[in-house]
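Structure, as structure tokens:
Derivation of every value follows stated rules applied to the coordinates shown; laboratory data play no part. No experiment lies behind these values; they were computed from the predicted model shown. Glycine also receives a Cβ, built like all others from the backbone with ideal geometry; neighbour counts cover every protein chain displayed.
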């Protein structure tokens, strides 16, 4: 018996393309604007959301039959808040400087619309395994956009990737910046992220006209 059925596979693959939580559902876009000036921060935030969504969906699914309807939102918030605290403490223990860079944005994972939306729309109505796959799929869809935006913004904004100089004279690279490359300061401010996300949305809809909303 196959470990993953076609429906299970779609739970992972659909959010990567035609049902992406950022570019199609327009959820979780705040972090895409705020923390993608550096690729490292984008990757760490993506991993954090992957952990919270994957495990959080499983926990909510396991509890779905015992959660009173009147307090289900409170329970969901407690679950996601607990997982976010774990992520925050791990970052402070092993990547303190990066944890300071992400600072409040890690805490704001608690209010990420993607996470709360999947808890409500999927985990409360499905078993742990499918809920896990749904969480991983949507987190990967979120991660792909964050990494693409972070890659473009850091490369064009600072001439670096992961803090290492990439653009400019390879002999004259000093510190974190490459000499000979004129940094594009616009790319490291939040409006640039919105433009990059907009371009991704345009490319996605150009490749698949079915995604274009009819007036």
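Taking all pairs of different Cα atoms in the range 104-170, averaging 1/r and flipping that mean, what Kirkwood radius in angstroms comes out? Provide the component values of the computation, followed by the final result.
Numbers: mean 1/r = 0.0699 Å⁻¹.
It works out to 14.3 Å.
Placing a label point 7 Å from the Cα of residue 111 along the Cα-to-Cβ direction, the residues of the range 28-72 whose backbone N falls under 16 Å from that point are 28-35.
Over the range 69-170, what relative contact order in percent results from Cα pairs under 8 Å that are six or more residues apart? Kindly include the intermediate steps, with their values, before the conclusion.
Values: 35 pairs, mean separation 16.1, N = 102.
Once divided by the residue count of the range 69-170, the mean separation gives 16 percent.
To the nearest 10 degrees, how steeply does helix 128-158 sit against the main Cα axis of the chain, on a 0 to 90 scale? Compared with the principal axis, the helix lies near 10 degrees. So how tilted is helix 190-207 from the main axis of the chain? Cα-based, degrees 0 to 90, rounded to 10. It is inclined by approximately 70 degrees.
So if each residue of separation counts as 0.36 nm, and I subtract the Cα-Cα distance between residue 89 and residue 7, what length gain in nm does that give? Walk me through the numbers on the way to the answer.
Values: separation 82, 0.36 × 82 = 29.52 nm, distance 3.56 nm.
Extra length from residue 89 to residue 7 when fully extended: 26.0 nm.
For the chain, what is the relative contact order in percent, using Cα pairs closer than 8 Å and at least 6 residues apart in sequence? Intermediate values should be presented prior to the final figure.
On the way: 286 pairs, mean separation 68.0, N = 215.
Averaging sequence separation for qualifying contacts and normalising by length gives 32 percent for the chain.
Relative to the longest principal axis of the Cα atoms of the chain, the long axis of helix 72-94 makes an angle of roughly 40 degrees. Exposure proxy for 118, 64: other Cβ atoms within 10 Å of each Cβ, ordered fewest to most, give 64, 118.
Fewest first, what order do 131, 158 take by the number of other Cβ atoms within 10 Å? It would help to have the intermediate numbers written out before the result.
Numbers: 131 27, 158 24.
Ranked by crowding around the Cβ, least crowded first: 158, 131.
Classified by the C-alpha gyration tensor, the range 1-96 has an oblate form. Its axis ratio a/c, with a ≥ b ≥ c, is 1.5 or above, and a/b does not exceed b/c.
Spacing of the modelled spin labels on residue 67 and residue 161, each 7 Å from Cα toward Cβ, amounts to 4.0 nm. If R0 is taken as 25 Å, the Cβ-Cβ distance between residue 82 and residue 207 corresponds to a FRET efficiency of 0.05. In this structure, residue 16 and residue 125 have a Cβ-Cβ separation that, at R0 = 22 Å, corresponds to a calculated FRET efficiency of about 0.50. In terms of surrounding Cβ atoms within a 10 Å radius of their Cβ, 196, 26, 149, 144 rank from fewest to most as 26, 144, 196, 149.
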